[in-house]
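The values are calculated or read from the model by the stated rules, or taken from the named source; none is laboratory data. Given the structure is predicted, the values throughout are model-derived calculations rather than measurements. Ideal geometry is used to build each Cβ from the backbone, glycine not excepted, and the neighbour counts take in all protein chains shown. Surface accessibility is based on the protein's heavy atoms, side chains included, excluding ligands, DNA and RNA. Shrake-Rupley method; radii C 1.70, N 1.55, O 1.52, S 1.80 Å.
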Amino acid sequence: MKRTKIATVHSSNPPSGQVLIKGWVRTRRDSKNFSFIEINDGSCLKNIQVVADDGLAAYDQIRKLATGSSVEVTGEIVASPGKGQAWEVRAEAVTLVGDAPDSYPLQKKRHSDEFLRTIAHLRPRTNKYGATFRIRSALAQAVHRFFGERGFYYIHSPIITGSDCEGAGELFRVTALDVDNPPKIGGGVDYSQDFFGREANLTVSGQLSAELFALALGDVYTFGPTFRAENSHTRRHVAEFWMVEPEMAFCDLDGNMDLAEDLVRNLTGAIREQCKEDLDLFARFVDKSLPQTLQTVVESDYIRLPYREAIDILRSAEKTFEFPVSFGSDLQSEHEKFLTEVHFKKPVILYDYPKTIKPFYMRANADDETVAAMDLLVPGIGEIIGGSQREERLDILEARIKAAGMDVEQYWWYLDVRRYGTVPHSGFGLGFERLLMLLTGAANIRDVIPFPRTPGSIEF
RNA sequence: UCCUCGGUAGCUCAAUAGGCAGAGCGGGUGGCUGUUAACCACUAGGUUGUAGGUUCGAGUCCUACCCGAGGAGCCA
């Protein structure tokens, strides 16, 4: 007989007939003449209740089935006379596939997120983490659907990069040298003998690759892992995370902001449609205000505010900030929080930042003071998107690379696309896990990625 | 890297002022029951994060370290 997934049973109307269920025992309750076994197979949040009566061949074994064991059950779907479920499986055979001894760490009770992080290999077997990772999967597929429907091409940008000054971020070195005894030259390590013939690192962004391809295929995006070696200890940072990075040729900052808003709104709407049951778990047990938050994200227009005006709002606010605000200073967490959570209470896109606090590739505005940068900030999390119109003018870009103290030679290919048929273009990076935090109400980024990598922690 | 809080049974936590280490859940045994985080009774389960110190006596006070969490910074 062919296996039936529990999600299929619950979505049939009405469910009926013979089924073969395969899954893991969540709980078992005994009655006088039978045992109630609740089985979950990960296909959906709901379990299915199996009723096994004492006439079954393996009833002695069934009575001992422990939480966490894997089983196969054949039986007939019937209307349930009990409360709490409309249907149940009247078992004809129950087979133990894999036993779970009493050292199985997951109980029927609620566990703390901190404890579950220590058993990240088992936590997807809980209701909450099962829901999280079903939503994560749906969100990833919604990303591809969003861009596919709009004629964007998906680019696989490299994970290992050779540019050693991509930005101020700390990089993870990639080497095939014997780190205990590396070849030396002039007192330092001789990377000319390394695998690539020079220093290499894990990527911190697919943006540069995406720009090159946007100036060939028009509208493109990357969606892959990125790596930051910062020694950050916050609930919003991990060392390995996923970013969605669209890049559009013939697009200015306004078009960029339009896409950012459209993307966040569309993805949120898609998850609201497709993952109702899983989202409801978060609304009930994690964040009671989640439905309201998601409604705001989907239905309200986002505020668009020049950095300069944000500074004015912050300066005239009654609240006193720990860090003073002035034009030219980067906004601190407390300032972002004030704008999204107190002043506007909805997503805010800030744009036209001072060029002194933004990287070299952002397009200089006519005022010679700001660049065409934009950040999308959301309540509760802060920045989930950062992007800009890129500097497409060769001479200005060269000057800015030099002013940043970087090596123009290293970026010959980045400059080449400005040299040959340059066009205005724009793009941004969306933190995939940050968006997941927004969608689920999860307070910690480590709880929306399967196996989080943080300073001092790489188990699993 | 800095600041704050925490670490007690498998899990979640309690333990007055420095004075016999406990409860619920989970496990085991028995009972009851179309049960719903089932219920009732009994039962096993501990190097109180590690190392030192103060004290007649330390889970509790002191020092160092380890681990976790929150905040800040860092953060294309």
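Checking residue A:265 against (1) touching a Leu at 6+ places or on another chain (Cβ under 9 Å); (2) charged (D, E, K, R); (3) surrounded by 17 or more Cβ atoms within 10 Å (Cβ to Cβ); (4) not in a strand (DSSP E or B): exactly one of these is not met. Which one?
(1)
Filter segment A:232-266 for residues that are polar (S, T, N, Q) and at pLDDT 95 or above and give the result.
A:256, A:266
Just name the residue that is farthest from the chain's Cα centre (by Cα) out of those in segment A:336-369 that are among the hydrophobic types (A, V, I, L, M, F, W, C) and closer than 23 Å to residue A:249 by Cα.
Only one residue fits best here, namely A:366.
Give A:283, A:249, A:270 a once-over and let me know the one that is of a type in the set (Gly, Ala, Ser) and under 16 Å from the mean Cα position of the chain (by Cα).
A:270
Go through the residues of segment A:378-396 one by one and say whether even a single one is over 18 Å from residue A:265 (Cβ atoms), in the same structural domain as residue A:285 (by TED's automatic domain parsing), in a helix (DSSP H, G or I) and of a type in the set (D, E, K, R).
yes
Working only within segment A:14-46, note down all residues that are under 34 Å from the mean Cα position of the chain (by Cα), within 16 Å of RNA strand B (Cβ to nearest atom) and farther than 16 Å from residue A:106 by Cα.
Within segment A:14-46, A:21, A:45, A:46 qualify.
So which of A:96, A:106 ends up being within 15 Å of RNA strand B (Cβ to nearest atom), of a type in the set (A, V, I, L, M), surrounded by 14 or more Cβ atoms within 10 Å (Cβ to Cβ) and modelled with pLDDT of 90 or more?
Criteria check complete, one pass: A:96.
Report the residue count in segment A:211-266 for those that are without any contact (Cβ under 8 Å) to a residue 12 or more places away in the chain, within 10 Å of RNA strand B (Cβ to nearest atom) and of a type in the set (Asp, Glu).
0
Would you check which residues across segment A:54-88 are within 11 Å of RNA strand B (Cβ to nearest atom) and in contact with a helix residue (DSSP H, G or I) (Cβ under 8 Å, 6 or more places away or on another chain) and list them?
Those that are within 11 Å of RNA strand B (Cβ to nearest atom) and in contact with a helix residue (DSSP H, G or I) (Cβ under 8 Å, 6 or more places away or on another chain): A:68, A:87.
Being of a type in the set (Ser, Thr, Tyr) and either loosely packed, with under 13 Cβ neighbours inside 10 Å or out of contact with any Asp or Glu (no Cβ under 6 Å at 6 or more places or on another chain) (or both), is that true of even one residue in segment A:43-56?
Within segment A:43-56, one or more residues are of a type in the set (Ser, Thr, Tyr) and either loosely packed, with under 13 Cβ neighbours inside 10 Å or out of contact with any Asp or Glu (no Cβ under 6 Å at 6 or more places or on another chain) (or both).
Which one is surrounded by the fewest Cβ atoms within 10 Å (Cβ to Cβ), of the residues in segment A:405-460 that are part of a loop (DSSP other than H, G, I, E, B) and of a type in the set (Phe, Trp, Tyr)?
A:420
Inspect all residues belonging to segment A:299-318 and state whether any of them is away from RNA strand B (no atom under 16 Å from the Cβ), within 16 Å of the chain's Cα centre (by Cα), open to solvent by less than 30 Å² (accessible area, probe 1.4 Å) and not β-branched (Val, Ile, Thr).
Let us first name the residues in segment A:299-318 that are away from RNA strand B (no atom under 16 Å from the Cβ), namely A:299-306, A:308-309, A:312-313, A:315-318.
With the extra rule that they be within 16 Å of the chain's Cα centre (by Cα), the set shrinks to none.
No: zero hits.
Any residue at all in segment A:87-101 that is free of Cβ contacts under 8 Å to residues at least 24 places away in the same chain and β-branched (Val, Ile, Thr)?
Checked segment A:87-101: no residue is free of Cβ contacts under 8 Å to residues at least 24 places away in the same chain and β-branched (Val, Ile, Thr).
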